[in-house]
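The values are calculated or read from the model by the stated rules, or taken from the named source; none is laboratory data. Given the structure is predicted, the values throughout are model-derived calculations rather than measurements. Here the Cβ is made from the backbone with ideal geometry for all residues, glycine too, and neighbour counts use every protein chain on show. With ligands, DNA and RNA removed, areas are computed over all heavy atoms of the protein, side chains included. Shrake-Rupley method; radii C 1.70, N 1.55, O 1.52, S 1.80 Å.
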Amino acid sequence: MNYFSSDFKLGILGGGQLGKMLLTETRKFDITTLVLDPSNEAPAQFGANKFFTGSLMDYETVYQFGKMCHAITIEIENVNLEALDTLEEEGHIVFPSPKTLRLIQNKGKQKDFYVDNNIPTSKHQRFVDLNDLKKSLENDELEFPFVWKCAQFGYDGNGVKICRSTMDLMHLPEVECIAEEMVPFKNELAVIVARNANGDVKTYPVVEMEFHPEANQVEYVICPARIDEKVAQLAIETALQVSQAFNHVGLLAVEMFQTESDDILVNEVAPRPHNSGHHTIEASYTSQFENHLRSVLNLPLGNTDSKVAGIMVNLVGEEGFSGPVIYENIEKIMAIDGVTPHIYGKKETRPFRKMGHVTIVNEDMTEARKIAEEVKNSIRVISVQ
């Protein structure tokens, strides 16, 4: 099939920052794109050839959108799978497939899948709702501490909470949820796997993630991870095991824990470009976004090696600020060699909202981490008070 400078149309479900960055690659290859998002202020609205507003969870909206496209992919998992089933049956290319998305969309099913496929992961229990979880505590079938996760529709730290006592259960929503055993770990790691329909597979180097203690969001992504080579190899092997089990096409970001005894436990996955791969735009020979595109169109995969050490710093809204966004001191960080800001195009900021990221590349990891700290301490995402 001729994708380039042709009548071929690629549909993208979701128009957030991931869609916006994916469109950089479709424009590079002159691939016509259609984007669907619920918000008329979505970041991807300006990069697409055609932009449509509508619910990603509504069958008819997704189906009618998909009928206009030869191939459909996603930048968010929460989409109507029945519509994708129909489109796939009618001959449209749909990657990741609805079958794969069904296993991933619900975190309870996802955890069960790991257990069924002998993939190392933390122990978990599934609950119909919060009341069901409370009964389990009362019957001594569950004990504190544990990690509470809503089964569906969580994102960017929302829908996750560490529960150490009954006080932590207050204000949690009455939704289907899981409780995961607390894992003592040294590092949170991630490996991104690219796989096309031919079954060609490539992995990006292992990255290390540093999280914000309150917001449960990634503050820094560090590549390569500062870990022993044996641990890195085990992480890559585990990610490939997960990829093979899901039989996914596209990108699969596999988030993992490195335990105190250097075992690897899978936390969760995302079947799309991911926050843990943003540094690849500047630091790798082929960015995660280009390889997602290559994967879903069954093209040869690009080189996933790093050219230099890369660190990504998330730009999130400062606490105490809501309203039209201002990037304070952005000129200061742009004056530093190897620093590239990416602004997502969200006009309004609010506390902890993802507004952009900054990549730091340097041949020396220690220097890159030092500059990353300077960047983090310099730029502020605020608003007019």
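A few comments on the model shown:
- Segment 209-294: equivalent-ellipsoid semi-axes (sqrt of 5 x gyration tensor eigenvalues, Cα, Å): 20, 17, 14
- Kirkwood hydrodynamic radius of segment 1-75, from inverse mean 1/r over distinct Cα pairs, in Å: 12.0 Å
- Remark: segment 300-308, residue by residue, has Karplus-estimated 3J(HN,Hα) of x, 6, x, 4, 9, 5, 8, 7, 8 Hz, where x stands for each Gly or Pro and the curve is 6.51 cos²θ - 1.76 cosθ + 1.60 at θ = phi - 60°.
- Per-peptide packing, taken as the mean over residues of other Cβ atoms within 10 Å, places 344-357, 278-291 in the sequence 278-291, 344-357 from highest down.
- Virtual spin-label span in nm between Asn377 and Asn247, 7 Å along Cα→Cβ: 5.2 nm
- Table column - 3J(HN,Hα) (Hz), segment 190-203, Karplus curve with 6.51, -1.76, 1.60, x for Gly and Pro: 8, 10, 9, 10, 9, 8, 9, 5, 6, x, 5, 10, 9, 10
- If R0 is 30 Å, the Cβ-Cβ spacing of Glu363 and Glu260 corresponds to a FRET efficiency of close to 0.40.
- Ranking of Arg102, Arg195 by solvent-accessible surface, largest first: Arg102, Arg195 (1.4 Å probe, protein heavy atoms only, all chains present).
- Thr53 versus Glu237: modelled label distance in nm, points set 7 Å from Cα along the beta carbon direction: 5.2 nm
- For the residue pairs Lys111/Lys230; Lys202/Lys307; Lys134/Lys376; Lys28/Lys50, alpha carbon separations beyond 28 Å are given by Lys134/Lys376.
- Viscosity 0.692 mPa s, temperature 37 °C, Stokes-Einstein D of segment 51-166 from Kirkwood C-alpha radius, µm²/s: 199 µm²/s
- Simple spin-label estimate for Lys186 and Glu328 gives 3.9 nm between the two label positions (7 Å along the Cα-to-Cβ direction from each Cα).
- Phi angles across segment 321-329 convert, under the Karplus curve 6.51 cos²θ - 1.76 cosθ + 1.60 with θ = phi - 60°, into 3J(HN,Hα) values of 10, 9, x, x, 7, 10, 9, 6, 6 Hz, Gly and Pro given as x.
- Highest to lowest packing among 5-17, 217-229, scored as the average C-beta count within 10 Å: 5-17, 217-229
- Dipole of the chain, positive direction: furthest Cα of Ala253, Val242, Ser55, with charges on the beta-carbon: Ser55
- Links that overshoot a 25 Å alpha carbon limit, given the list Lys67/Lys107; Lys123/Lys161; Lys149/Lys186: Lys67/Lys107
- Solvent-accessible area of Lys50 with every protein chain in place, 1.4 Å probe, in Å² to the nearest 10: 120 Å²
- Rounded to the nearest 20, the size of the Cβ-charge dipole of segment 1-150 about its Cα centre is 400 debye, with Lys and Arg at +1 and Asp and Glu at -1.
- Put a plus charge on the Cβ of each Lys and Arg, a minus charge on the Cβ of each Asp and Glu, and nothing anywhere else: the dipole of the chain about its Cα centre is then about 800 debye.
- Think of the chain as a dipole: +1 on every Lys or Arg Cβ, -1 on every Asp or Glu Cβ, centred on the Cα centre; then among Pro351, His274, Leu297, Leu297 lies furthest on the positive end.
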